[in-house]
1. When the residues of segment 105-128 are filtered to those that are assigned to a helix (DSSP H, G or I) and touching a residue at least 60 places away in the same chain (Cβ under 8 Å), which remaining residue is least open to solvent (accessible area, probe 1.4 Å)?
2. Scan segment 142-160 and report the pairs whose first residue is over 19 Å from ASN203 (Cα atoms) and whose second residue is of a type in the set (Phe, Trp, Tyr) and at pLDDT 95 or above, with Cβ atoms within less than 6 Å and a gap of 6+ or a chain change.
3. Given the conditions (1) touching a helix residue (DSSP H, G or I) at 6+ places or on another chain (Cβ under 9 Å); (2) surrounded by 14 or more Cβ atoms within 10 Å (Cβ to Cβ); (3) at positive phi; (4) small (Gly, Ala, Ser), which single one is not true for ALA95?
4. Which of the numbered conditions does ALA72 fail, given that it passes all the others? Conditions: (1) out of contact with any Ser or Thr (no Cβ under 8 Å at 6 or more places or on another chain); (2) under 16 Å from VAL182 (Cα atoms).
5. Which condition does ASN203 not pass, out of (1) open to solvent by 40 Å² or more (accessible area, probe 1.4 Å); (2) in a helix (DSSP H, G or I); (3) touching a residue at least 12 places away in the same chain (Cβ under 8 Å); (4) more than 18 Å from LEU74 (Cα to Cα), if it passes all the others?
6. Here are the criteria: (1) part of a loop (DSSP other than H, G, I, E, B); (2) free of Cβ contacts under 8 Å to residues at least 40 places away in the same chain. Tell me which single one ARG198 does not satisfy.
7. Examine segment 25-47 for a residue that is among the charged types (D, E, K, R), surrounded by 12 or more Cβ atoms within 10 Å (Cβ to Cβ), at pLDDT 85 or above and more than 17 Å from the chain's Cα centre (by Cα), and state whether such a residue exists.
8. Determine which member of the set ALA102, ALA140, ALA170 is open to solvent by less than 10 Å² (accessible area, probe 1.4 Å), closer than 19 Å to ILE23 by Cα and not acidic (Asp, Glu).
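The values are calculated or read from the model by the stated rules, or taken from the named source; none is laboratory data. Owing to the predicted nature of the structure, the values given are computational and were not obtained by experimental measurement. Neighbour counts are summed over all protein chains in view; Cβ atoms, including those assigned to glycine, are modelled from backbone coordinates with ideal geometry. Accessible surface is based on the protein model in full, side chains and every heavy atom, while ligands, DNA and RNA are left aside. Shrake-Rupley method; radii C 1.70, N 1.55, O 1.52, S 1.80 Å.
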Amino acid sequence: MPRRPSAARAADPRRTALWVLAIVGVLAAVALCIAFVDTPVAHGMLAWIDSVPVEVVETLGYWAGDWALGPALLAVALIWAGVRWRRLLLTVAVAYLTRTAAVEGLKWLTGRPRPREMDGLTTFYGPGAGHNSFPSGHAAFGFMFAVLLSAYFPRYRVLWYAGAVLICAARMTADAHFVSDVLMGGLIGVLTAMLALRWWPPN
């Protein structure tokens, strides 16, 4: 008599289907934002840009979502990881390289100017145009790091994801990215981190 598949194996198709639905949902949201949301939100942000609280958020979000502060954040995470620091370092390196390739490739292919370059209007000029708004590298970095830290330190996952959302908000208030830019960047960050964790889980 053939054996029944284990519960874990039986759950895999459902989990895969949920992931596919989530990815399709985010991509649909990106398309809707490009068509209907990006320009109105970018115009609305102009009224907030010069306020002091927003400038503080912008500064924190910029440095936290970039490799300017990234090494310090990674060093703290590695010390915190203890005996698992080598595995965490490898996972971060693989996820970051994959994330960078995806982000920079899409930036080159789409050639989308930043909101501040077009007074909030959105357009795509195509490959090699020299514009780099879509997708947001900061958002990709923030969500990549949030997913990895949540796998190693799940007790504080709310903090990690709150930081990623802060980075996204900071890039929009800085008039540097549209809503669809940060949505796509966030999706890339999550997927590249999950891919790395699939090969090198915390253990």
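1. PRO115
2. none
3. (3)
4. For ALA72, the failing item is (2).
5. The single condition ASN203 does not satisfy is (2).
6. (1)
7. yes
8. ALA140 is the lone residue from the list that is open to solvent by less than 10 Å² (accessible area, probe 1.4 Å), closer than 19 Å to ILE23 by Cα and not acidic (Asp, Glu).
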